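Accompanying notes for the structure given below.
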């Protein structure tokens, strides 16, 4: 996934000569704490945050160019850079927004932390049973009942608590990937549990084929 | 994971009678676009964003209580609520911050979108080889070389492109879970590929045992 696939193309850009008071009203209306400042060719030349605006209003500045951060101070991401880079920049620098630029240094979109949260959280929302369905599909000849029965056994072995295949199935129908990772103590452990289930059903399948 | 485990305990709260100009300076200094307003008992009574501040500065308001959002308009999360709820609230409402409250309606922390990005992105940063190590650990008796050899074969079957076990190993040493999910087209597909590798090494192991 590239930065341009994650960015929001709907944004407002400012010009150096825009009036500070007018800009403050626009930012309130569109509810954006940050805005890029561009030249006539839409190339990034500055950056405005609500902090610049409050300071500018207090000190009576007239034009955006008097209060904006200069180009050198702005962290940008190229449209073809991996989307992951935007995630890392946001996490490490506590950014609210990262502007996306093209080869000509034109601003073509904005990547916002709340959009990243939405993207990342989708993965966590995948229901666990979807992974079991993928496993069953992959391991041709294994039934859903065999898979649940093996899972209940592995679960008992791991947690020490007995659970019926039916209860196990009910659990994974509701549980999300995110909850399962947190419950098992991390991705590797969650994954090891699934491999363990796979191992058991494959061993049973091979055993059946041999008889 | 609970909301209180995700929240930032370092935050600044405001009082109803605080001066708008002074608050604007504080928010610039601590670089926060949002702040909770509390009473003498630290109970949440209002909410201030930079948008309220810019409007207040323009219109000459004196006190925070003149410009704050009222309690009824604020979305909060209880300290013992699942952290996932904060993620959903942030993603769905494009929040920058969600205040965390206790049973007495006191603000005890703030959950910020950039902190959520940091938390969620940690999962994506796990190196893929860690999952193969977990698989090898789980499937006792399977060597790393057997695992890489099976992976190279599965990869060729899936992508149509031939790859040596050595090159496959080099790939997973650098690749992260996030990149792998994006590259394979989703969690279920990525997972199905791993199960396929597991199936192959288990079948070989069983075959060897039989000889």
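Quick note: the coordinates plus some simple rules give every number you see, no bench work behind them. Worth saying up front: this structure is predicted, and the values here are computed from it rather than measured. A quick note on method: Cβ atoms are made from the backbone with ideal geometry, for glycine too, and the neighbour counts reach across all protein chains shown.
What separates the residue B:141 label point from its copies, with the point 7 Å along Cα to Cβ, is 1.8 nm, written shortest first. Counted over segment B:3-122, the DSSP beta bridges are approximately 80% antiparallel. Principal-axis analysis of the Cα atoms of chain B puts helix B:113-124 at an angle of about 10° to the longest axis. Computed over segment A:1-71, the quotient of the alpha carbon radius of gyration and 2.2 N^0.38 Å is 1.13. Between residue A:158 and residue A:80, the simple label model (points 7 Å from Cα in the Cβ direction) yields a spacing of 4.3 nm. Using a simple spin-label model with pseudo-atoms 7 Å out from Cα toward Cβ, residue B:65 and residue A:137 lie 6.0 nm apart. Comment: the Cα-to-Cβ extended label point of residue B:204, at 7 Å, lies 2.6 nm from its counterparts in the other copies, nearest first.
Measuring from centroid to centroid over Cα atoms, what is the spacing of segment B:64-126 and segment A:146-211 in Å? Distance between centres, Cα-based: 34 Å.
For the peptides A:163-174, A:192-203, the ranking by mean Cβ contacts within 10 Å, running from highest to lowest, is A:192-203, A:163-174. What do you get for the angle between helix A:165-174 and the principal long axis of chain A? Use alpha-carbon atoms, 0 to 90 degrees, nearest ten. Helix A:165-174 sits roughly 10 degrees off the main axis of chain A. Seen against the Cα atoms of chain B and their longest principal axis, helix B:83-93 is set at about 70 degrees.
Within 10 Å of each Cβ in peptide A:45-58, how many partner chain Cβ atoms are there on average? Round it to a whole number, please.
Partner Cβ neighbours, averaged per residue: 5.
For chain A, the spread of Cα coordinates along the three principal axes comes to 85, 34, 24 Å, biggest extent given first. Size of segment A:86-211: Rg and Dmax of its alpha carbons, in Å, are 20.5, 68. Model label points for residue B:94 and residue A:30, set 7 angstrom from Cα along the Cα-to-Cβ axis, are 1.0 nm apart. The share of alpha-carbon pairs in the protein assembly as shown lying farther apart than 32 Å comes to 49%. Computed on the Cα trace of segment A:3-122, the radius of gyration divided by the Kirkwood hydrodynamic radius gives Rg/Rh = 0.97.
Label point of residue B:122 (7 Å along Cα→beta-carbon): distances to the other copies' equivalent points are 2.4 nm, sorted ascending.
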